[in-house]
Structure formats: structure tokens, C-alpha cells
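This report refers to the structure that appears directly beneath it.
The values are calculated or read from the model by the stated rules, or taken from the named source; none is laboratory data. Because the structure is a prediction, the values reported are computed rather than measured. Note: ideal-geometry Cβ built from the backbone for every residue, glycine included; neighbour counts use all protein chains shown. Heavy atoms of the whole protein, side chains included, go into the accessibility calculation; ligands, DNA and RNA do not. Shrake-Rupley method; radii C 1.70, N 1.55, O 1.52, S 1.80 Å.
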Amino acid sequence: MLQKIARESLSGLTVAIVALPLAIAFGITATGTAEGALVGLYGAIFAGFFAAIFGGTPGQVTGPTGPITVVSTGVIAAHGLEGAFIAFALAGAFQILFGVCRIGSFIRYIPHPVVSGFMGGIALIIIIGELDQVQHSLLVVAVTIALMLLSARMIKAIPASLIALVAVTAVLPLLSSALRDLRIGPLPLNSGIEYIGRIPESLPSVSIPDLSGSLILSLLLPALSIALLGSIDSLLTSVVMDNITGTRHQSNKELIGQGLGNIASGLFGGLASAGATVRSVVNIRGGGRTALSAATHSVILLALVAGLGGAVQYIPLAVLSGILIVTAVGMFDWDAIRKAHIAPKGDVAVMIVTMVVTVVFDLTIAVLCGVVLSLIVHGIQSRQRKASIVEDATTQTYRIHGPLSFLSADHVVTSLRKAESNVAVSLENVNYMDTSGAKALLTFIDHSEKLGISLRLKNMPSHVEHRLTTLATDEQHGRLNAAAESG
């Protein structure tokens, strides 16, 4: 037991180190001021703690994320920080309502191309938002990005963002001073650079806002947008966690936990938050498997805040821009982009449209447009509404009938996961397969491999084989061939 607690706590420390620069960067981006560093940290602390304790995805880490930051930026600009904190708390109340009404179960039906599209659109918004900092401090941003990419390849034990943050912050003033002494100034590397500045060193306190009917009404729509996007963002991270651990999260309980977290964050003056994929994966790889590691990450950040003000004041904003740009680039679904020329044209169109609408209009509208377009594409490609799956007890074979798409993939894979030993799947009657269906089946193949379950794919039509082969990763190709040959 003590060994387990030590492992979970150590993993929480690792995640806190990863979360520190990201929380500061997202907070400053959302508020547009250096004081936003504390807002971002409070989001990671309070939303992270309560979502870990009350959520439905063990080991998932919650904090400020790219999608949430993009929406929060607009809310803060329109209503100020005080109004935004109310909106964050209202968003949490909406998320609790979603969980109680069991709406979380429906979010898993969002098509994969829609997810790829709006994540790519958010990445573009973040990059565009940092261009002003790039223009003023190009060399610092470039050095930060280069150092992150280099350290990510060479040093696995320490987060690349932390290495870049410490190294550039420490070296920049020394280099500027040395070059001034040599009379090589003015130095473009350090010209016009802005710094975070000192942040207050004090424990947070609850702030009860003054509420009025008109204020609540004006914040309902922004709060609903944050709630929807935060729910989607969090549950997508939960799915990633399921794929890594081989478990299955409780989506509606996770929404309740996220809601409680955002209410706490709003009351304590923190940024709205959601399940964070990178931090959650770091936690799992570090040995974190329960709420203890995710909650520990928040406690450690709280301890750091108490004495952090003097330490962060010399961090250049350009360094945080570099970290955000690298984070945003990682948000693109590069696998889908690389395979766009061989993927279903309808799915590619959905991804591109969702991405463009995200950048030009609004995230919520983009998701809605993407889902509607996916339904149209699905209707054109198939006459049947969704696939059905039947277990043949005599031959111990699961037979899938109809299109395997975003409408049916979750139901089919859930049925397949009930098998505890050998699984045979007949694909003979699958008349259509989209990207979501293929990704779900490939993920199930990975899941079976990890659990030591023997899987056979039987009677695979050529169009299904082509779709699976083109979308499989290099690692999945071997597993796919083995399952098909054994079938």
C-alpha cells in the first residue's frame, strides 16, 4: 500500500512540473495580462483537485487546456474577469446537469473527423494569437521552440517545456549582459521583451460574486459554450485514457466531477478547465492510476503558488509563447492529415469544414456543423441507420451487419469488449466503414493485444480491409495482419 501511495505521489509531482508552465501560459493568454499566471494556476489547482476526487476517469488530470482557453479569452474580453469567473462557475453547474441527465453518453458519438477538425482549428487560433509575441521577440520564441524539440528527443525524464522555460529564462539576461559588455548592442534577442512580473504570494480565498438577473442572463450562453466544449474536451481525454489503460471511464460521473471542479475554480478566481490529454498521459506513464496522483498534482501546485511570485517574475512572455506554439502544433491530428489523400473524401471534407468554421466563427457552431455534415455523408454512403452485432454462440463468432460508423462504433466495440478470451469477428456484412468505425476497430485490436485476448477477423471485404490498412499505424499493421491471417 505504501509503495502504491509513493508511486502515485511521485507521478503527481511529475505532472505538476509539466502543468506549471502550461497553466501559467494559458492563464496569461486568456486574460491578456501577466496577472493571468495566477488565474491559470488556480484553475489547475482547484478544478484539477475536485475533478480528480469526484470524476469518473481514474488518473485523469484536469487543468486549463487550449480549447477552454480560446473560449475563455472571449468571455473575459466581453465580461471582464469577475464576470468570467461567474461564467466558469455556471459552466460547472451545466456540466453537473449534463451528468445527472446522462448526456455524457452521447458525446462519444461525435465523429472522429469532427474532433480532428475542431482540435486543428483551436491549434490555429492559438498559433495566430501568439503571432504578435513572435513578431516582437522572434529569436526568443525560435530558441524556445528549438530547445523544446531538441530536449524532447534527447531527455525523456524531464518535461521539454520545463527545460526550455528554465534554460532560456536563465541564459537570456546573462547573454544580453555579456554582449552589452562587448559593445555589440542593441541585442535583437532581448529587444522589447516583456516579462511576467511578480505574482501575489498568498493562499487563495473564496470570492462570492454580486449576482443580478441581467448579469446571469448575459452569461448563460457563454457558460453553456464553455460547458459543452469542456465536456467534449474532457471526455475525449477519457477515451484516450481508456485506450491506454484498457479500462472504461464513467462519462456521466466524469462530467459531474468536471462541473464541481469548474465551480470551485470560478469561486476561487481560477480559469475554466477540462481533462488535459498530455498531462493525463504523463500521469499514466509515470505510474498514476488513481485519483491520488491527479489530486497530488493540484496540491503540489498550491504549495508552489505560496512561494512562486519571486521565481516567475523573470520569465519572458516570449518563452511562454514558444511553449504554447509547440503545444498547439501537437494538437493537430497529424495522422489524419498525412492520410487525407487516402481517407474517405467525405470524412476529409468534414474535418476541413469543421476546422475552418472553428477559426472563422465559433467552436460550438463548428462542432454542430461537423456533426450535421457527418450525418449527411453517412446518409449518402449507407441506406441503413447503423450496424448491428449478433453473437453466434455455436461458433463463438460476433457478426457485424450494416455500416460501421460513428453512429454504431461505440455500441459494437462495447459488445466486443465483453469477451474475456478468444474473439472471432465476422465482417462479411459490413457494407460501409468510415474513419470513426475503422479507428474504433483498430483500437479494439490494440486493446485485445494488451489483454492477451486472441482475436480473429473473418470474411473481411476488400473495402473494409482497404480502410483499415490505410488508417492503421505502423504498429497496428502487424496486429491487423495477424488477426486477419488467423481469421
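Do the sum for the chain: with -39,500 (n - 2.57) for every DSSP H run of n ≥ 4, divided by all residues, what is the mean residue ellipticity at 222 nm, to the nearest 500 deg cm²/dmol?
-22000 deg cm²/dmol
Specify which residue in the list Gly83, Ala146, Cys101 is farthest towards the positive end of the charge dipole of region 83-184, using unit charges on the beta carbon of Lys, Arg (+1) and Asp, Glu (-1), about the Cα centre.
Cys101
Using the Cα centre of region 388-486 as the reference point, and only Cβ charges (+1 on K/R, -1 on D/E), how large is the resulting charge dipole? Debye, rounded to the nearest 20.
So the magnitude is around 100 debye.
Compute the relative contact order of region 388-486 as a whole-number percentage, counting only Cα pairs closer than 8 Å that sit 6 or more residues apart in sequence.
Here the relative contact order equals 27 percent.
Among residues other than Pro67 whose Cβ falls under 15 Å from its Cβ, what is the net charge (Lys/Arg +1, Asp/Glu -1)?
Computed value for this residue: -2.
Which of the listed residues, Ile300, Asn459, Leu162, is farthest toward the dipole's positive end in the chain, when Lys, Arg count +1 and Asp, Glu count -1 at the beta-carbon?
Comparing the listed Cα positions along the dipole, Asn459 ranks first.
Can you give the relative contact order of region 332-381 as a percent, counting alpha carbon pairs under 8 Å and 6+ residues apart?
Numbers: 24 pairs, mean separation 15.6, N = 50.
Averaging sequence separation for qualifying contacts and normalising by length gives 31 percent for region 332-381.
Suppose all protein chains stay in the model; what accessible area per residue would a 1.4 Å probe give for region 431-473, in Å²?
Per residue, region 431-473 has an accessible area of 38 Å².
How far is helix 317-331 tilted off the main Cα axis of the chain, in degrees rounded to 10, range 0 to 90?
So the inclination is approximately 0 degrees.
Sort 362-371, 454-463 for me by packing, meaning the mean count of neighbouring Cβ atoms within 10 Å per residue, highest on top.
Averaged packing, sorted descending, gives the order 362-371, 454-463.
If one takes the longest principal axis of the Cα atoms in the chain, at what angle in degrees, from 0 to 90 and to the nearest 10, does the Cα axis of helix 474-486 lie?
Result, in degrees: 20.
Averaged over every viewing direction, what's the projected area of the C-alpha convex hull for region 332-381? Give it in nm², one decimal, please.
3.5 nm²
What number, in percent, do you get for the relative contact order of the chain if the mean sequence gap of Cα pairs under 8 Å and at least 6 apart is divided by its residue count?
26 percent
About its Cα centre, what dipole magnitude does the chain give when the only charges are +1 on Lys and Arg Cβ and -1 on Asp and Glu Cβ, stated in debye to the nearest 20?
Magnitude of the dipole: close to 800 debye.
Calculate what fraction, in whole %, of the accessible area of the chain sits on carbon and sulfur atoms when a 1.4 Å probe is rolled over the protein chains.
On the chain, the fraction of accessible area on carbon and sulfur atoms equals 64 percent.
What do you get for the angle between helix 160-181 and the principal long axis of the chain? Use alpha-carbon atoms, 0 to 90 degrees, nearest ten.
It is inclined by approximately 30 degrees.
Computed from these coordinates, which is percent of Cα pairs over 32 Å apart: (1) 37; (2) 43; (3) 69?
Of the labelled values, this structure produces (2).
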